[in-house]
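One structure is given here, and the rest of the page talks about it.
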């Protein structure tokens, strides 16, 4: 992230450690089982889901609430997404965890090897490939699924959301990116963010209204 690089430079933060080795002591190479069977077609599909299915799910969730005029749910989802980013960002600054494909010898960087364009694009977002814990792909997709499942009455949309979310969870392991711990951390963060956003929505929104009115 450009902002991450700026903050690291501003605060003179230069962590010379990688917590992946400690995660390896806990997990071992269990995540490598997702690459027990690899196939070019599966790799292309997984990469598409990881890159575009993820973005589609998040944007789709916002659009659904806008089209159905569920303003409260829209606000809650926005709050949940904000909480996830606020909580995750310090972890990326102070507790770097290298992706599995650059840590475990038997895990191949399927996504990064797919195309130089993809590699360079992802490197511009995560220069050291160490923004793993917690997994934003797991956290944000699971949060979107929770909101669609519990905040809409659209059965077909719920099915699509669940399928896409499960597919995303598979890709983060299959493509050689995340550890199981990253996934667990992301799911916990999603559930907590959903709870806070729905439980304290009125309080959070009212504080923003008060602040906005004072400034105007």
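The values are calculated or read from the model by the stated rules, or taken from the named source; none is laboratory data. Because the structure is a prediction, the values reported are computed rather than measured. In this analysis, Cβ positions are derived from the backbone assuming ideal geometry, glycine residues included, and neighbour counts consider all displayed protein chains.
Within the range 125-146, does at least one residue satisfy the condition of being under 15 Å from residue 49 (Cα atoms), surrounded by fewer than 17 Cβ atoms within 10 Å (Cβ to Cβ) and at pLDDT 95 or above? No, the range 125-146 has no match at all. Each residue in the range 147-170 was checked for being farther than 22 Å from residue 112 by Cα, under 16 Å from the mean Cα position of the chain (by Cα) and crowded, with 16+ Cβ neighbours inside 10 Å, and 2 of them qualify.
Yes or no, residue by residue, for (1) part of a helix (DSSP H, G or I); (2) without any contact (Cβ under 8 Å) to a residue 60 or more places away in the chain; (3) under 15 Å from the mean Cα position of the chain (by Cα):
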site	(1), (2), (3)
172	yes, no, yes
178	no, no, yes
181	yes, no, yes
186	yes, yes, yes
189	yes, no, yes
193	yes, no, yes
196	yes, no, no
202	yes, yes, no
206	yes, yes, no
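Among the criteria (1) in contact (Cβ under 8 Å) with a residue 40 or more places away in the chain; (2) closer than 24 Å to residue 191 by Cα, the one residue 46 does not fulfil is (2).
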